[in-house]
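Notes follow the structure.
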Amino acid sequence: MGTDGELRVASDGFDAYAGTYEIDAATNRVVHHVALSSWPNIMGTDQVRYFALDNEDLVLTTPPMLSRGSAWVLTLKWRRLT
């Protein structure tokens, strides 16, 4: 176990969640039913993401979220390594 400072540095920028999901191919939407998360306040919620293929990458984006007076869209890009 690390110190408080070491744990903070180790988790900075780290997000993870797990659970089941449903895909709606007609709207390019996936709904994640969050069972576990590094953010306890989203456990038990549904997290909507939009998906697209960009060449060989899978791109997930959030709906716009209001934070600090601005709308934010977060993007996650997955690439299969062969």
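Here are the numbers:
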item: Enumeration of residues in segment 24-42 that are over 15 Å from the mean Cα position of the chain (by Cα) and not small (Gly, Ala, Ser); result: Asp24, Thr27, Asn28
item: Candidates Val59, Val48, Val31 - the one that is surrounded by 11 or more Cβ atoms within 10 Å (Cβ to Cβ), in contact with an Asp or Glu (Cβ under 7 Å, 6 or more places away or on another chain) and among the aliphatic types (A, V, I, L, M); result: Val31
item: Filtered residue count, segment 45-56, keeping only those that are modelled with pLDDT of 95 or more and not hydrophobic (A, V, I, L, M, F, W, C); result: 5
item: Pair list, Cβ under 9 Å, 6 or more apart: segment 21-37 residue under 18 Å from Thr75 (Cα atoms), other residue exposed (fewer than 11 other Cβ atoms within 10 Å of the Cβ) and polar (S, T, N, Q); result: His32/Thr20
item: Cβ pairs under 8 Å, 6+ apart, first in segment 51-66 and within 15 Å of Trp78 (Cα to Cα) and free of Cβ contacts under 8 Å to residues at least 60 places away in the same chain, second surrounded by 14 or more Cβ atoms within 10 Å (Cβ to Cβ) and among the charged types (D, E, K, R); result: Phe51/Arg29; Leu60/Arg49; Thr61/Arg49; Thr62/Arg49
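The values are calculated or read from the model by the stated rules, or taken from the named source; none is laboratory data. All figures in this text were calculated on a predicted structure; none of them were measured in a lab. When we count neighbours, we look across all protein chains shown, and the Cβ atoms used for this are built from the backbone with ideal geometry, even at glycine.
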